[in-house]
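Data block below; observations after.
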Amino acid sequence: MKRISGFTLIELILTIVVVGIVAIAASNTLQLGFQSYNDSIDRQDNQMQATFVIEKLSRELRHAVPNSVEVSVNGRCISFIPVEVSAFYLALPTFNQKYIDIVLLSNDAFNLNGHRLVINPSSQADLINESNHRFVNIESMTRSGGISTIKFPKALNNPAFISSSVSERAFIYRPSVVEYCIQAGGVFRDGVQIANHVTSGGFSIDNVSLNRNSMIKMVLIFENDLGEVTQYQHDVQVINVP
């Protein structure tokens with residue numbers, strides 16, 4: 001009589017237990033791998049955001065009108081006015097003269113509507129407030145060869161150009177202030193959020209000295225979903241001598 005071979009109940013139970021243990025171990029390993037990957041993504045995301053904010057703000061600060069950078073709201077906000085076009089002027093306008101000859105440092109075409117020209121500003125207010133009498137509104141511009149003639153209305157240059165620039169520089173700009181603020185858990189540029197997970201930070205200005213331009217110091221403190229806190233510090237040298 002043939003004997004039928006097979007598994008006993010104990011062997012089946014042992015097999016199920018072993019397979020279960022292996023499956024649990026494999027599941028834990030996979031879960032740990034996914035968790036490590038997600039953690040690294042969180043850390044990388046904060047690093048990329050910090051790099052983006054620092055690079056973007058640094059570039060804009062380096063192209064701001066000299067002496068237009070200001071820190072406010074207890075160091076939580078920094079504002080400045082971007083340069084549209086810079087130029088060298090040939091001579092300061094005389095009393096009641098309604099034009100100035102300049103050499104533009106860019107050949108790009110731009111719309112003159114709402115633009116202003118300033119020489120040797122000392123503060124952001126000099127670029128905004130009419131009462132400071134430090135800028136002129138551009139009425140028109142004509143070009144002849146490499147020289148551009150800027151015309152402005154009436155005699156508003158008196159006394160707008162009360163001091164010359166040591167480098168004979170003039171700046172054309174729009175009276176629009178750009179502002180970066182650290183608030184509501186993020187960094188905002190003119191009210192638009194460009195980074196999140198920012199718990200704190202701030203901006204400060206080291207004033208200009210005889211040896212160097214002023215220095216903008218920025219600190220950004222990020223906290224990711226893991227509760228890890230990372231602090232980023234960066235210094236930007238800005239032009240102060242127009």
Checklist line | Placed amide H near residue 84: partners under 5 Å, 5+ positions off or other chain | finding: 172, 173, 174
Checklist line | Of 148, 221, 105, farthest towards positive along the dipole that unit charges on Lys, Arg, Asp, Glu beta carbons give the chain | finding: 148
Item checked: Accessible area, probe 1.4 Å, largest first, for residues 219, 208 -> 208, 219
Next item on the list: Using only Cα atoms, tell me the angle between helix 9-62 and the longest principal axis of the chain; keep it within 0 to 90° and round to the nearest 10.
Entry: 0
Note to self: Cross-link candidates for residue 217: which aspartates and glutamates have Cα within less than 18 Å, leaving aside residues fewer than 8 places away along the same chain?
What the structure shows: 55, 60, 70, 179, 206, 235
Check: In straight Cα distance, which aspartates and glutamates are under 15 Å from residue 98, not counting same-chain residues fewer than 8 positions off?
Finding: 139
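In cubic angstrom, how much convex hull volume per residue do the alpha carbon atoms of the chain span?
210
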Check: Sequence-distant or interchain residues sharing an amide H contact under 5 Å with residue 200, placed H: which?
Finding: 221
Notebook entry, point to check: Using modelled amide H (1.01 Å from N, peptide plane; none on Pro or chain starts), what sits under 5 Å from the amide H of residue 138, excluding residues fewer than 5 places away?
Noted result: 115, 116, 117
Note to self: Past the 24 angstrom mark, what percentage of all C-alpha to C-alpha distances in the stretch 106-242 do you count?
What the structure shows: 50
Next item on the list: Output the relative contact order of the chain, whole-number percent, from Cα pairs under 8 angstrom with separation of 6+ residues.
Entry: 20
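The values are calculated or read from the model by the stated rules, or taken from the named source; none is laboratory data. Quick caveat, the model's predicted, so the values are computed rather than measured. FYI the Cβ positions are ideal-geometry reconstructions off the backbone, even for glycines, and counts take in every protein chain you see. These accessible areas exclude ligands, DNA and RNA; they are computed on the full protein's heavy atoms, side chains included. Shrake-Rupley method; radii C 1.70, N 1.55, O 1.52, S 1.80 Å.
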